[in-house]
Amino acid sequence: MTASLSIRTAQEGDLPALRALFAAGMQEGEVRINDTGADIENIHEGYLSDVTHNGFWVAESGGDVVGMIGVQQVDDAVAEVRRLRVHPGHRRQGIGTQLMQHAVRFCRDREYLKIVLDVRGERSGAIQMFEKFGFYLAKARTEEDRRVLDFYVDLYNEPEA
């Protein structure tokens with residue numbers, strides 16, 4: 001694990017690093033072809049204007065943004081985890097796990113009953129992490145000729161970790 005890792009709320013000044021993480025996801029095929037990243041370009045409107053229900057955080061190590069994750073409310077009792085990305089040079093160090101822990105804690109604190117997310121089928125490392133967090137596969141679908149998996153976790157059933 002990265003010893004100097006901190007997770008903090010994203011700021012407008014993080015936008016170049018967030019764009020770079022988004023672009024890396026595009027190059028690796030983790031992002032849908034028609035995904036413009038508009039929520040990242042408008043991070044305040046998309047996530048930070050209503051911090052009661054939504055949030056966006058970055059993982060910072062050595063002064064560099066090395067990961068990101070967002071939570072958006074999709075229904076009164078349901079939140080969606082979005083934009084989980086870790087810089088390719090910092091993967092397999094527990095950063096994604098720490099970001100996910102932060103997002104799940106945020107959802108619990110807001111008393112959401114369910115968290116949903118989707119992931120490309122080839123992202124086996126991310127899928128294993130989601131399963132460790134208690135997420136269940138809801139359905140598999142095909143989008144842009146790629147397999148997309150929809151996951152969920154019911155927080156009202158889940159014991160505190």
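The values are calculated or read from the model by the stated rules, or taken from the named source; none is laboratory data. What you are looking at is a predicted structure, and each value in this text was computed from that prediction instead of being measured. Methodologically, a virtual Cβ is constructed for each residue, glycine included, from the backbone with ideal geometry; neighbour enumeration extends over all protein chains shown.
Output the number of the condition that Phe130 fails; it satisfies all remaining conditions of (1) surrounded by 17 or more Cβ atoms within 10 Å (Cβ to Cβ); (2) part of a strand (DSSP E or B).
(2)
Of all residues in the range 69-106, which are in a loop (DSSP other than H, G, I, E, B) and out of contact with any Phe, Trp or Tyr (no Cβ under 8 Å at 6 or more places or on another chain)?
Across the range 69-106, the qualifying residues are Asp76, His87, Arg91, Arg92, Gln93, Gly94.
Provide a single number: the residues in the range 66-97 that are surrounded by 20 or more Cβ atoms within 10 Å (Cβ to Cβ) and over 10 Å from the mean Cα position of the chain (by Cα).
3
Restricted to the range 49-65, and to residues that are β-branched (Val, Ile, Thr) and in a strand (DSSP E or B), which residue is nearest to the chain's Cα centre (by Cα)?
Across the range 49-65, the extreme among qualifying residues is Val58.
Filter the range 133-148 down to residues that are of a type in the set (Phe, Trp, Tyr) and surrounded by 12 or more Cβ atoms within 10 Å (Cβ to Cβ), then give me how many there are.
2
When the residues of the range 21-60 are filtered to those that are among the small types (Gly, Ala, Ser) and modelled with pLDDT of 90 or more, which remaining residue is nearest to Arg108 (Cα to Cα)?
The extreme case among them is Gly55.
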